[in-house]
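See structure below.
The values are calculated or read from the model by the stated rules, or taken from the named source; none is laboratory data. Just so it is clear, the model here is predicted, and its values are computed rather than measured. Cβ sites come from the backbone with ideal geometry, for glycine too, and all protein chains shown count toward neighbours.
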Amino acid sequence: MGAKEKTGFLGRRSRARGSSPPAPEQRPARIPNAVVRRLVHYTRVLKALEQAGIEKVSSRQLADNLGINSAQVRKDLACFGQFGVPGVGYRVGELRASLKRILGTDKEVRAALVGVGNLGSALMSYGGFARQGFRIVAAFDNDGRKIGTVRAGVPIYAMSDLADLVREHEIEIAILCVPSEAAQSVADSLVEAGISGILNFVPVRLTVPPRVRVQPVDLTVEIETLSFYLHSVTVQNGGTPA
């Protein structure tokens, strides 16, 4: 769409007039993780465009900002309904609002953090969660020196209070940062309390019922993957690994 428009991070204002509102969003049963991740990136680009006062954007402009092709953008969006007008593009505000509804970030999502160690404390202080609509409303630990204190505006409670507070605060997501040996038992407690999703920073595979979604985040895997690619470049260039 809009192949004649100038591309770039913020593009330019489209002079085309008229655009029909998007059809109601669909939510197919199974969507690849890669598509969901791209939706998140689309919303970030759209937010920047909206803040710059740009009202319309083409699939090519979205694609150029993410280093993909415009056909991929259109294919991703088509998974959820009809957006934009061929030859005109997308209304930035409308598309961003639709994608936020699809991602479930159009309203505040309450989260709890379990395990207030070094990583847990850093995540509690990270402002990116709140900017994207996620609010850590409670943290839990079994260290008596931490219980009853407040860090980064988040109160820390005893693990024994977890079930009651998850229900009381209607917490949907748990961020898990506990030692490996405690991960499964804590996950069991979270499931029993009614948690719907777990962001798991523990390098342990969790067993949960089908209704609960676990999103693993293994930082060691990420850095080892980076090391592999650096090693591959060294070998391809005729060097030898250290």
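Quick notes on this structure:
- Considering 66, 46, the condition of being out of contact with any Gly (no Cβ under 7 Å at 6 or more places or on another chain) and at pLDDT 95 or above is satisfied by 46 alone.
- Residue 97 being in contact with a helix residue (DSSP H, G or I) (Cβ under 6 Å, 6 or more places away or on another chain), at pLDDT 90 or above and not assigned by TED's automatic domain parsing to the domain that holds residue 195: no
- For segment 112-146, the set of residues classified as more than 18 Å from residue 185 (Cβ to Cβ), in a strand (DSSP E or B) and aromatic (Phe, Trp, Tyr) consists of 134 only.
- One residue alone among 127, 120, 148, 153 is closer than 30 Å to residue 54 by Cβ and in the same structural domain as residue 197 (by TED's automatic domain parsing), and that residue is 127.
Residues checked against (1) outside any helix (DSSP H, G or I); (2) without any contact (Cβ under 8 Å) to a residue 24 or more places away in the chain:
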{"site": "148", "(1), (2)": "yes, yes"}
{"site": "157", "(1), (2)": "yes, yes"}
{"site": "166", "(1), (2)": "no, no"}
{"site": "174", "(1), (2)": "yes, no"}
{"site": "188", "(1), (2)": "no, yes"}
{"site": "198", "(1), (2)": "yes, no"}
{"site": "204", "(1), (2)": "yes, no"}
{"site": "209", "(1), (2)": "yes, yes"}
{"site": "215", "(1), (2)": "yes, yes"}
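- Residue list for segment 44-59, restricted to those being touching a residue at least 40 places away in the same chain (Cβ under 8 Å), surrounded by fewer than 21 Cβ atoms within 10 Å (Cβ to Cβ) and not small (Gly, Ala, Ser): 47, 50, 54, 55
- Qualifying residue in segment 197-214 (condition: touching a Pro at 6+ places or on another chain (Cβ under 7 Å) and modelled with pLDDT of 95 or more): yes
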